[in-house]
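Trainee: If you scroll down you'll find the structure; I have some questions about it.
The values are calculated or read from the model by the stated rules, or taken from the named source; none is laboratory data. What you are looking at is a predicted structure, and each value in this text was computed from that prediction instead of being measured. Note: ideal-geometry Cβ built from the backbone for every residue, glycine included; neighbour counts use all protein chains shown.
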Amino acid sequence: MNTHTTQSMDITPHAHADVGGPTQPLLMVQDLIKHFALPKDILGRSSGVVRAVDGIDFAVRKGETLGVVGESGCGKSTTARLLMNLTVPDHGDIIFDGQSVGSKELSLKEFRRQAQMVFQDSYASLNPRLTIEDSVAFAPQVHGVDKQAAIDRARDLLARVGLDPRRFAERYPHELSGGQRQRVNIARALALQPRLIILDEAVSALDKSVEAQVLNLLLDLKEEFGLTYVFISHDLNVVRYISDRVMVMYLGQVVEIGDCETLFESPRHPYTRALLSSVPSMDPDNRTEEPPLSGDPPNPINPPSGCRFHTRCVHAESVCSTTMPKLVTDAQGTGVACLMHVVRSGHSAAPLSEQEAA
Amino acid sequence: MMNIAVNPAKVPAVVFEKSTGYWQNVSQRFMRDRVAVFAAIVILILFAMAIFGNQLAPHDPFAASIMKRLKPIGFPGHWLGTDELGRDMLTRLIVGTKLSLFMGITPVVLAFCIGSVIGIIAGYAGGAVNTLIMRTIDVFYAFPSVLLAIALSGVLGAGITNSLISLTIVFIPPIARVSESVTTQIRSRDFVDAARASGANAFTIVRVHVLGNVLGPIFVYATSLIAVSMILASGLSFLGLGVKPPEPEWGLMLNTLRTAIYVQPWIAAMPGVMIFITSIAFNLLSDGLRTAMEIKN
Amino acid sequence: MLSFLLRRILYTLPIMLGVALVCFALVHLAPDDPLVSILPPDASQELQARLMEIYGFNKPYPEQFFRWVMRALQGDLGTSIASGRPVSTEVMTAVANTLRLAIFATLIGFIFGCLFGFVAGYFQNSWIDKAASLTSVLGVSVPHYWLGMVLVIIFSSTLMWLPPSGAGPGGSADWHWNWEHMQHLILPAVTMSVIPMGIIARTVRALVADILAQEFIVGLRAKGLTNVGIFMHVVKNAAPTALAVMGLQLGYLLGGSILIETVFSWPGTGFLLNAAIFQRDLPLLQGTILVLAMFFVVLNLIVDVIQTLLDPRIARG
């Protein structure tokens, strides 16, 4: 017999009201910039600036999974940290369900109730001195839930992510495997009943079989709780499996964004094409003859002028080194930042009119 | 969208599996280290002497007698002889434990409390606050500890309180440094970021996440300073800057017995043996703790 | 690397200023009237006022500090209230004596410390290791001034091999490197060497054990490097840190020599410090502390610079 159903144990989706309605993107990022200054030398001259994230715009729709891919150093992880305000942006707006984060309508603390993050290193993400249930119960207590209720919620969530509370709740992180710890991290992210979860290389450190289990868990949870994901990874196969839309980053900028399957089947940006062709094929007849990308990725300290990719692009022309292509997204949320797709940009392959571009 | 409510009637009587916590592991490892355990026992004996000294001692530590000055070891009624004022050595050594331990341990305890707060604040805050605090600490670090202790004592004057103050000041900078270093390391770990991402404020994060990870290493470092403190404290008394006569304290006893070196050398050396033993015990204890907590560097 | 070194050197300047400030503040913390040691209790107000004027004790603190620093930079540390001689002369003579003692002690400590530490690290966990480690724990734990007393008891009083105190015939100013003088050096230097020996032994042991455990040693052996070769390799890797520790120990000995110098009546800076404290001789106290602290700061700097030159990785860190 049901003897209790307390408010605190109720893990319905959206303990928070849907403010903007179904058409409002859950997350909108406008012109986000973060530069890291390098240490100054003896005379106070700065050695330069790492342009980690250099003006990105994108939106995440409610209920979708946005995959974010790119090489090391492209700014994916920095973007994740900027979204959660773990690193303070130099410039830019983050708009959550129509309300600007950090404004009077939506304080940072309130935003952090609705958006959570799962990190890559499952061991470093957990306080070695706290039991599993204490780690998961921490966030609810911060927001006013009383201790026993928070513990109950924690145990519930552990069960939800596939960890039997009787076996795991009072254990310590060092006693769990990598996959189990990542499940704990996911349970912790769910503890505040968020609407958005940012997963920064959350499965990258796991063995393949475990990775598959965790991915499926993520999909189940998304369905059950109506979550929205931003899924950052360098593993293209994983991104393809889990994402609805995909965003490709290069040297701190977004170069292409669009529907997952379309992007993987027919990538438009030369970098995306090169990136996708670097995935080894299982088919022995389908060998990669030449390396798709030449050279090392240029330095984010001194990015090339104009289009940042032009130094490695097979289609580069002189206009590419002078003009920076802007990312323009259409109504479907698709866009590409390449002069070949901008009307009358000066590139030989550019369309001459709007109709051609469509 | 399901309503997840656990029905307690359906969940069987549960025994949650417990595991060994951090401190249990540490004490297990410690107990296996025979040297460390031996050192701990010695220290317990010393503490017992400090607490029950007056009951254990055969004579009154202040009872002087001109006729019985500097009697040798084995003298009837005074197994360890008498000092330069005719007081029983055994008594003074035992009763002296309390003050000697007090002078050695208290500065470290005080410095631990103050220095760790300073260091944790500097380590967690980072940036300009950190720089300001640590550079100030660096200035004090630029003095060799003995020099600083003596200079401070010399300036403030002799006496128990003044010695405690100067020794505490001497030990604050090293403890602050270690605290800052450990806190900075912990601060950069992902779980602290995760805690920030939950919306917790700095105070809560320090209380729940930082302290538990940081106080252990700082504590072990502080214990390694106790032996040094014992030597410094007794050294101050030896110079006449610390405890004032006629209080029984080992360093002071070495001072007043100096002139007796040529007459009764072994009696003159005895208080130093006590200091030596105490110092060794605390050093071994600290080493044992460090090994048990598996702290590198 | 040059900019790193330059920054390190420049960083010393604010530290030195801070040290001078602390020295100055320290001495002026004294609750007593600075002139209490030379004035008879019934001195007239006028006399007091005039002496305050001469010594500058009546000016506001920042001004006193500034004047003191300016003069110190020119080598003038004021005049000792007790003896009337210039502080700089007194301090420098004393420093020379302490340096002789400290350098000798450091060398002894370094040699034996390296020996014990090396042996312990090489034969890790054997009985040799345990014995050597025990010795180093003893070295670190011993109250050195007491050890001095014990050595005096054994070698001076009982065996009569060595003199118990002083720096030789002719007092402190007259030093020669002959047996007559050097016999006075032995006991205090050995006493002083014990703590550095313990610390260096511990450090070297840890270093050697660390280096030997590293995988590249296995690689070297596989390439056929002989034991002597490996030995040289370990020495090369351990040297920078070992030397750094030695340098620091020298600094500590310089600053902390007072206890041993008191036991042996060695006329060094520690002895001077003792005198200055008990005679409430503020200019002398101030000057001595300043010189000793500055020595320590400069020594730290030299150690850092040499370490960086020997191990360039530090500059990049």
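Trainee: Say we look at region B:81-130 and pick out the residues that are polar (S, T, N, Q) and more than 30 Å from residue B:246 (Cβ to Cβ); which of these is surrounded by the most Cβ atoms within 10 Å (Cβ to Cβ)?
Mentor: Applying the filter and picking the extreme gives B:116.
Trainee: Pull up region B:249-259, narrow it to residues that are farther than 17 Å from residue B:98 by Cβ and more than 11 Å from chain C (Cβ to nearest Cβ), then point me to the one that is surrounded by the fewest Cβ atoms within 10 Å (Cβ to Cβ).
Mentor: Result: B:259.
Trainee: Given (1) more than 9 Å from every other protein chain (Cβ to nearest Cβ); (2) in a helix (DSSP H, G or I); (3) under 22 Å from residue C:136 (Cα atoms), identify the lone condition not met by residue B:294.
Mentor: Residue B:294 satisfies all of (1) more than 9 Å from every other protein chain (Cβ to nearest Cβ); (2) in a helix (DSSP H, G or I); (3) under 22 Å from residue C:136 (Cα atoms) except (2).
Table: residues versus (1) surrounded by fewer than 23 Cβ atoms within 10 Å (Cβ to Cβ); (2) touching a Ser or Thr at 6+ places or on another chain (Cβ under 7 Å).
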{"residue": "C:242", "(1), (2)": "yes, yes"}
{"residue": "C:250", "(1), (2)": "no, yes"}
{"residue": "C:272", "(1), (2)": "no, yes"}
{"residue": "C:294", "(1), (2)": "yes, no"}
{"residue": "C:304", "(1), (2)": "yes, no"}
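Trainee: Within the set of pairs 6+ apart or on separate chains, which have a first residue in region C:140-168 that is more than 7 Å from chain B (Cβ to nearest Cβ) and under 13 Å from residue B:273 (Cβ atoms), a second that is buried (at least 17 other Cβ atoms within 10 Å of the Cβ) and not polar (S, T, N, Q), and C-beta atoms under 7 Å apart?
Mentor: C:147/C:194
Trainee: Looking at region B:213-229, is at least one residue within 8 Å of another protein chain (Cβ to nearest Cβ), within 18 Å of the chain's Cα centre (by Cα), of a type in the set (Gly, Ala, Ser) and assigned to a helix (DSSP H, G or I)?
Mentor: Yes, region B:213-229 has at least one match.
Trainee: Right, next: I want to confirm something. Restricting to region A:310-349 and keeping residues that are basic (Lys, Arg) and assigned to a loop (DSSP other than H, G, I, E, B), which single residue is farthest from residue A:256 (Cα to Cα)?
Mentor: Within region A:310-349, the match that is farthest from residue A:256 (Cα to Cα) is A:344.
Here's the yes/no breakdown for (1) without any contact (Cβ under 8 Å) to a residue 24 or more places away in the chain; (2) over 25 Å from residue A:59 (Cβ atoms); (3) basic (Lys, Arg):
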position: A:307; (1), (2), (3): no, no, no
position: A:318; (1), (2), (3): yes, yes, no
position: A:328; (1), (2), (3): yes, no, no
position: A:346; (1), (2), (3): no, yes, no
position: A:352; (1), (2), (3): yes, yes, no
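Trainee: Do we have any residue at all in region A:143-152 that's touching a Leu at 6+ places or on another chain (Cβ under 9 Å) and facing chain B (nearest Cβ under 8 Å)?
Mentor: yes
Trainee: What's the total number of residues in region B:260-281 that are under 16 Å from the mean Cα position of the chain (by Cα) and within 7 Å of another protein chain (Cβ to nearest Cβ)?
Mentor: Here the count works out to 4.
Trainee: While we're here: Wholly within region C:222-316, which helices (runs of 4 or more DSSP H) include no fewer than the required count, namely at least 3 residues that are away from every other protein chain (no Cβ under 11 Å)?
Mentor: C:227-255, C:282-310, C:313-316
Trainee: Only one residue in A:164, A:200, A:134 is over 25 Å from residue B:211 (Cα atoms) and without any contact (Cβ under 8 Å) to a residue 60 or more places away in the chain, so which one is that? Before you say what the answer is, go through the steps one by one.
Mentor: On the way: A:200 fails: without any contact (Cβ under 8 Å) to a residue 60 or more places away in the chain; A:134 fails: over 25 Å from residue B:211 (Cα atoms).
Of A:164, A:200, A:134, the one residue that is over 25 Å from residue B:211 (Cα atoms) and without any contact (Cβ under 8 Å) to a residue 60 or more places away in the chain is A:164.
Trainee: I'm told residue A:332 meets every condition in (1) modelled with pLDDT of 75 or more; (2) within 21 Å of residue A:235 (Cα to Cα); (3) among the polar types (S, T, N, Q) except one. Can you identify the failing condition by its number?
Mentor: It fails just one condition, (2).
Trainee: Just the residues that are more than 9 Å from chain C (Cβ to nearest Cβ) and in a loop (DSSP other than H, G, I, E, B), please, taken from region B:230-248.
Mentor: Correct list: B:242, B:243, B:244, B:245, B:246, B:247, B:248.
Trainee: Tell me which helices (runs of 4 or more DSSP H) are completely within region C:66-154 and hold 3 or more residues being at pLDDT below 85 and surrounded by fewer than 23 Cβ atoms within 10 Å (Cβ to Cβ), or say none if there are none.
Mentor: C:87-122, C:127-141
Trainee: Then there's this: If residue A:116 passes every condition in (1) part of a helix (DSSP H, G or I); (2) at pLDDT 90 or above but one, which one does it miss?
Mentor: Failing condition for residue A:116: (1).
Trainee: For the list (1) touching a residue at least 60 places away in the same chain (Cβ under 8 Å); (2) within 14 Å of chain B (Cβ to nearest Cβ), I need the number of the one condition that residue A:229 fails.
Mentor: So residue A:229 meets the others, but not (2).
Trainee: Could you list, in sequence order, all residues of region B:130-157 that are touching a residue at least 24 places away in the same chain (Cβ under 8 Å) and more than 10 Å from chain C (Cβ to nearest Cβ)?
Mentor: B:130, B:133, B:134, B:137
Trainee: Please verify whether region B:200-210 includes one or more residues that are crowded, with 20+ Cβ neighbours inside 10 Å, touching a His at 6+ places or on another chain (Cβ under 9 Å) and either part of a loop (DSSP other than H, G, I, E, B) or more than 14 Å from every other protein chain (Cβ to nearest Cβ) (or both).
Mentor: For region B:200-210, residues crowded, with 20+ Cβ neighbours inside 10 Å, touching a His at 6+ places or on another chain (Cβ under 9 Å) and either part of a loop (DSSP other than H, G, I, E, B) or more than 14 Å from every other protein chain (Cβ to nearest Cβ) (or both): present.
Trainee: Oh, and also: Give the residues of region C:204-221 that are assigned to a helix (DSSP H, G or I), surrounded by fewer than 21 Cβ atoms within 10 Å (Cβ to Cβ) and of a type outside the set (A, V, I, L, M, F, W, C), sorted by residue number. Lay out the reasoning, then the answer.
Mentor: To start, the set of residues in region C:204-221 that are assigned to a helix (DSSP H, G or I) comprises C:204-213, C:215-221.
The next check asks that each one be surrounded by fewer than 21 Cβ atoms within 10 Å (Cβ to Cβ); those that pass are C:206, C:209-213, C:215-221.
Scanning region C:204-221 gives C:210, C:215, C:219, C:221.
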